[in-house]
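Below is one structure, written out as C-alpha cells; comments come after it.
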Amino acid sequence: MRDKKRYEYQMNENSPKRILSLFSGCGGLDLGMEGGFDVISQSLNKNIHPEWLTSSEQSSDWIHLPRTVFTTIFANDIREDAKIAWTNYFSKRGANESIYHLASIVDMVKAHYEGNYSFPVDIDIVTGGFPCQDFSVAGKRLGFDSDKSHSGTKRDVELPNEENRGQLYMWMREVISITQPKMFIAENVKGLVNLADAKEIIEEDFRSIGGGGYVVVDAKVLNAADYGVPQGRERVIFFGFRKSCLTKKALKELTSQNINPLYDPYPPKTHAYTDNNESLVPHTTVAQALSGLSEPSESKDLSQMHYSRAKFMGKHCQGQTEISLDGVAPTIRSEHHGNIEFRRLALEHGGKLVHELNRGLSERRLTVRECARIQTFPDDYEFVIPTKKNRKGVSASSAYKIIGNAVPPLLAYHLARRIESNWALYFGDK
C-alpha cells in the first residue's frame, strides 16, 4: 500500500450498482447482495416472492436465486483464510482477486489520508459486518472497551481507543465519509442492542457523517429464521441513506417517526418462526437443509468429509448438544473443534436419533458443509481447500470459523432485493 493506487473494475452491464464491502470475511453478505446462487426450495415463500423462481422451479428441490443489480467491486478483511475462500469462489463468478484487500481497514483509511491509497469512486452502497465478538452475548461483552486491536491482536495500550476492535465501526464510518455512497448497510450481533446504549451511540455516529449528511433509520434486530434460514440467528441491521441523493418524498418518509411501509428498507418476514400469519410458510428445518448430503465417509466433497473429531465433553460445555432435525439450528458460531454442535449424539450422551444410531451411524459433530448448508451457502462454495504448491489452502478449523463469522447469504439476499425494489423510490433515476 506504499504506492498510490486506484483500481479500475469491469462492471457487469446487468449489475450497474457498485458495492464496497468491508469486513467481508468469506463473503456471505457479498453473495447475498449479488444473488445468483442456489437455495433449497423450502427456504423461499413462493406466494410472497414468486418472481424469485422460474416456472420450471415450482416443484424443484433447489432454486437458483436471480442475480440482483448489485456487484461487489471492493472487499476487505484481515483474515487470510477468508480471502482465500472468497477469491476461490468469487473468481468463478468473474471477480478479480485484486479487489479483495487483505489489510486492516484502519491502515487503509490512514493510507488514504496520507495520500498513499485511494478508495474506489462512484460507490452506490457500502456494506459491512463490523467485528461483533465484543458485543456478543457469547463473548466477554467488552463492547467499545475491547481489549483487541484492529488487527485482531491484543492491544498494547491500557486504555480503550478508537482503533480497538470494539470501535471499528468508526472506521467503516470513515470509509463512508470518504466514498459518499448513496446508502450503507451495517450488521452486528443482537447483543449490541442490550449493551448499555451502544445501538443509539452507533446510530448517532453514523448520522453525523459529512456533518449530518445521512439519514439513519432506527436499527432493527432480524432473525434469519424468519427469512427461510434454518437457524435461529439474530442480527441487528443498520440502514443509512445519503440525504442529497434521496428524492424529496423519500427524505420525508425516511425521517418520519412512523415510516410508510412502502419506504421501509427492512424486508417483510416470509417464514413463521417468531411470528405467524396466513401469508407465512413454515420455518425451514435442519433436516430440509441437510437433505441429500451423504455421510462423511461416503462423500467426495472435502467440506462434507471434514468434521471435528472432538469428543463429547459433557453438557456443561458449549457445543455439546445434538442438532434438532425438526427444528432450526442454534446460531452457527465462529468456533472450531470442541465447540461445534453434534449432528448426532450416542445414546449414553442423550442422543435422540435412535433410527440413525440403529443403522450403525456413529456419534459425530456437524461437518463443515453441514454448517455451510445451515448458513445457506451453496454447495459449489468450497470451504476446505487443500494447500498446493504456490497456493495456500483453508483448513477445516479455519473453514468452521469463517462460516460462523458470515452473514447468511439468504438473509442478505432479502435485504438486497428489498433495496433493489425500492431503489427508484429512494433515489429516483439515480
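The values are calculated or read from the model by the stated rules, or taken from the named source; none is laboratory data. The shown structure was predicted, so the numbers you read here are calculated from the model rather than taken from an experiment. Every residue, glycine among them, receives a Cβ derived from its backbone with ideal geometry; neighbour counts consider all protein chains shown. All accessible areas refer to the heavy atoms of the entire protein, side chains included, with ligands and DNA or RNA removed. Shrake-Rupley method; radii C 1.70, N 1.55, O 1.52, S 1.80 Å.
Restricting attention to segment 236-248, which residues are farther than 16 Å from Phe184 by Cα and in contact (Cβ under 8 Å) with a residue 12 or more places away in the chain? Break it down into steps so the answer makes sense when it comes.
First, pick out the residues of segment 236-248 that are farther than 16 Å from Phe184 by Cα: 247-248.
Thr247 - this is the single residue of segment 236-248 that is farther than 16 Å from Phe184 by Cα and in contact (Cβ under 8 Å) with a residue 12 or more places away in the chain.
Scan segment 327-349 residue by residue and report those that are at negative phi, assigned to a helix (DSSP H, G or I) and touching a Ser or Thr at 6+ places or on another chain (Cβ under 8 Å). Outline the logic, then answer.
Kept after step one, since they are at negative phi, are these residues of segment 327-349: 327-336, 338-349.
Within this subset, residues satisfying the condition of being assigned to a helix (DSSP H, G or I) are 338-339, 347-349.
Correct list: Gly338 only.
Do we have Gly212 as open to solvent by less than 40 Å² (accessible area, probe 1.4 Å), in a helix (DSSP H, G or I) and not hydrophobic (A, V, I, L, M, F, W, C) here?
Against the criterion (open to solvent by less than 40 Å² (accessible area, probe 1.4 Å), in a helix (DSSP H, G or I) and not hydrophobic (A, V, I, L, M, F, W, C)), Gly212 does not qualify.
At negative phi and modelled with pLDDT under 95: is that true of Glu253 in this structure? Can you show your working first?
On the way: at negative phi: yes; modelled with pLDDT under 95: no.
Spelling it out, it is not the case that Glu253 is at negative phi and modelled with pLDDT under 95.
Going by what's in this entry, would Leu425 be described as among the hydrophobic types (A, V, I, L, M, F, W, C), farther than 20 Å from Glu298 by Cβ and modelled with pLDDT of 95 or more? Reasoning before the result, please.
Working: among the hydrophobic types (A, V, I, L, M, F, W, C): yes; farther than 20 Å from Glu298 by Cβ: yes; modelled with pLDDT of 95 or more: yes.
Spelling it out, Leu425 is indeed among the hydrophobic types (A, V, I, L, M, F, W, C), farther than 20 Å from Glu298 by Cβ and modelled with pLDDT of 95 or more.
Residue pairs, Cβ under 8 Å, 6 or more apart or interchain, first in segment 401-430 and part of a loop (DSSP other than H, G, I, E, B), second of a type in the set (Ser, Thr, Tyr). List them.
Pro408/Thr376; Gly428/Thr247
Within segment 345-359, is even one residue under 30 Å from Ala416 (Cα atoms) and small (Gly, Ala, Ser)? Please lay out each step first, then the result.
Pass one, segment 345-359, residues under 30 Å from Ala416 (Cα atoms): none.
No: zero hits.
Of all residues in segment 352-396, which are part of a loop (DSSP other than H, G, I, E, B), open to solvent by 10 Å² or more (accessible area, probe 1.4 Å) and closer than 25 Å to Gly232 by Cβ?
Selection gives Lys352, Leu353, Glu363, Thr376, Asp379.
Can you name the condition, by its number, that Tyr273 falls short on among (1) open to solvent by 60 Å² or more (accessible area, probe 1.4 Å); (2) more than 29 Å from Glu203 (Cα to Cα)?
(2)
Of everything in segment 249-270, what is closer than 14 Å to Val215 by Cβ and open to solvent by 70 Å² or more (accessible area, probe 1.4 Å)? Give them in sequence order.
If the condition is that a residue be closer than 14 Å to Val215 by Cβ and open to solvent by 70 Å² or more (accessible area, probe 1.4 Å), then Lys249, Lys252, Thr255, Gln257 are the ones that fit.
Considering only strands (runs of 3 or more DSSP E) fully contained in segment 44-135, which possess at least 3 residues that are at pLDDT 90 or above and under 30 Å from Pro282 (Cβ atoms)? It would help to see each step written out before you state the result.
On the way: elements: 62-64, 70-77, 100-102, 125-128.
Filter on segment 44-135 gives 62-64.
Is one or more of the residues making up segment 196-215 in contact with a strand residue (DSSP E or B) (Cβ under 6 Å, 6 or more places away or on another chain), closer than 22 Å to Ser21 by Cα and among the β-branched types (Val, Ile, Thr)?
Within segment 196-215, one or more residues are in contact with a strand residue (DSSP E or B) (Cβ under 6 Å, 6 or more places away or on another chain), closer than 22 Å to Ser21 by Cα and among the β-branched types (Val, Ile, Thr).
In segment 220-248, which residues are part of a strand (DSSP E or B) and open to solvent by 20 Å² or more (accessible area, probe 1.4 Å)? Spell out the reasoning first.
Filtering segment 220-248 down to residues part of a strand (DSSP E or B) leaves 220-223, 231, 234-242.
If the condition is that a residue be part of a strand (DSSP E or B) and open to solvent by 20 Å² or more (accessible area, probe 1.4 Å), then Lys220, Val221, Glu234, Arg235, Arg242 are the ones that fit.
Within segment 158-200, which residues are surrounded by 18 or more Cβ atoms within 10 Å (Cβ to Cβ), within 23 Å of Gly404 (Cβ to Cβ), modelled with pLDDT under 80 and of a type outside the set (A, V, I, L, M, F, W, C)?
Across segment 158-200, the qualifying residues are Asn164, Arg165, Gly166, Gln167, Gly191.
Taking Arg344, is it of a type in the set (D, E, K, R), more than 21 Å from Ser43 (Cα to Cα), open to solvent by less than 20 Å² (accessible area, probe 1.4 Å) and without any contact (Cβ under 8 Å) to a residue 24 or more places away in the chain? Let's see the steps before the verdict.
On the way: of a type in the set (D, E, K, R): yes; more than 21 Å from Ser43 (Cα to Cα): yes; open to solvent by less than 20 Å² (accessible area, probe 1.4 Å): yes; without any contact (Cβ under 8 Å) to a residue 24 or more places away in the chain: yes.
In short, yes.
Can you tell me which condition Val175 does not meet? The list is (1) in a helix (DSSP H, G or I); (2) more than 29 Å from Gly115 (Cβ to Cβ), and all the others hold.
The number of the failed condition is (2).
What tally of residues in segment 283-300 results from selecting those that are polar (S, T, N, Q) and not in a loop (DSSP other than H, G, I, E, B)? It would help to see each step written out before you state the result.
Kept after step one, since they are polar (S, T, N, Q), are these residues of segment 283-300: 284-285, 288, 291, 294, 297, 299.
If we keep only those that are not in a loop (DSSP other than H, G, I, E, B) too, we end up with 288, 297.
Matching residues across segment 283-300 total 2.
Of the numbered conditions (1) under 18 Å from Gly338 (Cα atoms); (2) assigned to a loop (DSSP other than H, G, I, E, B), Ser303 satisfies every one except a single condition; which is it?
Against the list (1) under 18 Å from Gly338 (Cα atoms); (2) assigned to a loop (DSSP other than H, G, I, E, B), Ser303 comes up short only on (2).
For segment 292-301, give me each residue that is open to solvent by 70 Å² or more (accessible area, probe 1.4 Å) and either of a type in the set (Ser, Thr, Tyr) or touching a residue at least 24 places away in the same chain (Cβ under 8 Å) (or both). Break it down stepwise before answering.
Step one: filter segment 292-301 for residues open to solvent by 70 Å² or more (accessible area, probe 1.4 Å), giving 292, 297-298, 300.
Hits for segment 292-301 are Gly292, Ser297.
Kindly indicate whether Ser324 is in a loop (DSSP other than H, G, I, E, B), within 23 Å of Asn47 (Cα to Cα) and not β-branched (Val, Ile, Thr). Don't jump to the end; show me each part of the working.
Details: in a loop (DSSP other than H, G, I, E, B): yes; within 23 Å of Asn47 (Cα to Cα): no; not β-branched (Val, Ile, Thr): yes.
Considered against the rule, which asks whether it is in a loop (DSSP other than H, G, I, E, B), within 23 Å of Asn47 (Cα to Cα) and not β-branched (Val, Ile, Thr), Ser324 comes out as no.
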